Amino acid sequence: MADVKTLARERTQLFKDLFDGKIPKRVPISVNFPLEFSIQYAGEDLAESQWDTSMLEGIFEKVCENFVSDILPVQALRFPLYYTILGARNFVMSSSGFLQHPEISGLEAEEYDEFIESPYNCIMEKILPRIYTELNTNPVQRSLVMAKAFKAFYDEVNNVTALYEKLIKKYGYSSAGNTNGFVEAPFDFMSDQLRGFRGITGDIRRRADKVAAACEAVTPIMVKGGIPASPSKYGGTFIPLHMAPYIRTKDFEKLYWPSFKREVEELAAAGQPSLLFVENDWTRYVDYLYELPENTRMWFEYGDPKFIKEKLGKKHILTGFYPISILKTGTKQQCIDKAKELVDILAPGGKYMFGFDKAIITADSVKIENLQAVLEYVAENTDY
């Protein structure tokens, strides 16, 4: 037990140094695997394990035992039970056991003014009953459905949170560096949940001013949702960034950036840094990212790591870039060489934690021995 406690202290110090602007003893490893990967790696049934969360302890144990990470290497963001109770249209489990996000639209184009005037009321009274079919009923029945869904949600979340705490203590993971919040950029929220990809792209052309006003109107709701009960600079709110690479720069400047920048700034002012998943290629927006509060954490999917390090690496904390595709196609040595290449580029001066370019969703999308070799290499060979 003493060795585990020592390991936990050492790992925690890595992230505290990183977030305090100091150079840590070595490069911290910030890797965790989605629920689907963990279930498949453990050899369990994907659909069954998401319905019966009592199975997760054994599943997560196998991941913790076999993969190196300085933070808890497992995560479970969503479960089908409460979505089924709600009759969800936005998250639907496929026959293969994956929760998928279909294209939906909960807000009609002619309802922008109503949304801008009172986004919360519009969401509660119109949008939720459209997205969740079991809420499209009388007020009494709607209240019962919501109560059941919230009960199911908190039961699942509390069970998993208790399991996380148990595993962190047992395996000596860092108590810093874990995300403890989740929210979207306002424009992405409008796109993902309210208007859909097709709807928002038409709105950009036909009613851009209303899109901008709607993003501003919903920003306080996003900020409130992104601040946990106990903000901490050693925690972080995860914000996946979706739509920016698919729109013109002038539309980004007018519609995406102002509300998103305000959101990240207000989270930082509340003592809660953001972990941005910079999806796709944000190269043309790098100068904008520099403007965000110091030590914003940025997980890059694509882009030239040398260029990104030069532009952002003195102010912000970087991760990502490592292509998971090579874990499937490369030899063990090629995979290790790629890790060394990225560490040599990104680690100097600190402000870097090792991570992959995207989440590893399925166990068969990589060669497990390559994945293990890369994580072990970083843990053993990246001392400053």
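Might you let me know whether region 23-31 holds any residue that is without any contact (Cβ under 8 Å) to a residue 24 or more places away in the chain, farther than 19 Å from K367 by Cα and β-branched (V, I, T)?
no
Could you grab the pairs with beta carbons closer than 6 Å, sequence gap of 6+ or different chains, first residue in region 355-372 and assigned to a loop (DSSP other than H, G, I, E, B), second one modelled with pLDDT of 95 or more and among the hydroxyl-bearing types (S, T, Y)?
G355/S30; G355/T319; D357/Y322
Among the listed residues Y290, Y285, identify the single one that is closer than 20 Å to P186 by Cα, in contact with a helix residue (DSSP H, G or I) (Cβ under 7 Å, 6 or more places away or on another chain), surrounded by fewer than 15 Cβ atoms within 10 Å (Cβ to Cβ) and not acidic (D, E).
Y290 is the lone residue from the list that is closer than 20 Å to P186 by Cα, in contact with a helix residue (DSSP H, G or I) (Cβ under 7 Å, 6 or more places away or on another chain), surrounded by fewer than 15 Cβ atoms within 10 Å (Cβ to Cβ) and not acidic (D, E).
Would you call K367 under 21 Å from I39 (Cα atoms), charged (D, E, K, R) and out of contact with any helix residue (DSSP H, G or I) (no Cβ under 9 Å at 6 or more places or on another chain)?
Criteria not met by K367.
For region 87-108, check the following and say yes or no: at least one residue is in a helix (DSSP H, G or I), closer than 28 Å to Q193 by Cβ and modelled with pLDDT of 95 or more.
Checked region 87-108: no residue is in a helix (DSSP H, G or I), closer than 28 Å to Q193 by Cβ and modelled with pLDDT of 95 or more.
Please state which one of K340, K309, K315 is part of a helix (DSSP H, G or I), surrounded by fewer than 18 Cβ atoms within 10 Å (Cβ to Cβ) and basic (K, R).
Step by step, each of K340, K309, K315 is checked, and only K340 is part of a helix (DSSP H, G or I), surrounded by fewer than 18 Cβ atoms within 10 Å (Cβ to Cβ) and basic (K, R).
Out of the residues in region 11-42 that are of a type in the set (S, T, Y) and closer than 15 Å to E61 by Cβ, which is surrounded by the fewest Cβ atoms within 10 Å (Cβ to Cβ)?
So the residue we want is Y41.
One line per residue, one yes/no per condition, for (1) closer than 21 Å to I360 by Cα; (2) out of contact with any Gly (no Cβ under 9 Å at 6 or more places or on another chain):
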site: G235; (1), (2): no, no
site: I239; (1), (2): yes, no
site: Y246; (1), (2): no, yes
site: E263; (1), (2): no, no
site: F277; (1), (2): yes, no
site: W299; (1), (2): yes, no
site: F321; (1), (2): yes, no
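Looking for something basic (K, R) and within 30 Å of A244 (Cβ to Cβ) - is there at least one such residue anywhere in region 170-192?
no
Whether any residue in region 94-109 is under 19 Å from T133 (Cβ atoms), among the hydroxyl-bearing types (S, T, Y) and more than 21 Å from the chain's Cα centre (by Cα) is what I want to check.
Yes, the conditions are met somewhere in region 94-109.
Take the residues in region 1-45 that are acidic (D, E) and either assigned to a loop (DSSP other than H, G, I, E, B) or over 15 Å from Y171 (Cα atoms) (or both), then tell me which one is nearest to the chain's Cα centre (by Cα).
Selected residue: E36.
So which residues in region 146-155 are over 19 Å from the mean Cα position of the chain (by Cα) and surrounded by fewer than 19 Cβ atoms within 10 Å (Cβ to Cβ), if there are any at all?
Passing the criteria: M146, A147, K148, F150, K151, A152, Y154, D155.
A quick yes/no check of all residues on (1) more than 29 Å from A147 (Cβ to Cβ); (2) free of Cβ contacts under 8 Å to residues at least 40 places away in the same chain; (3) not β-branched (V, I, T):
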{"site": "E44", "(1), (2), (3)": "yes, yes, yes"}
{"site": "T53", "(1), (2), (3)": "no, no, no"}
{"site": "S69", "(1), (2), (3)": "yes, no, yes"}
{"site": "V74", "(1), (2), (3)": "yes, no, no"}
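Looking at A213, A229 in this structure, which one is of a type in the set (G, A, S) and part of a helix (DSSP H, G or I)?
A213
The values are calculated or read from the model by the stated rules, or taken from the named source; none is laboratory data. Nothing here was measured: the structure is a model prediction, and the numbers come from that model. Don't worry about glycine lacking a Cβ; one is built from the backbone with ideal geometry, like all the others, and counts go over all protein chains shown.
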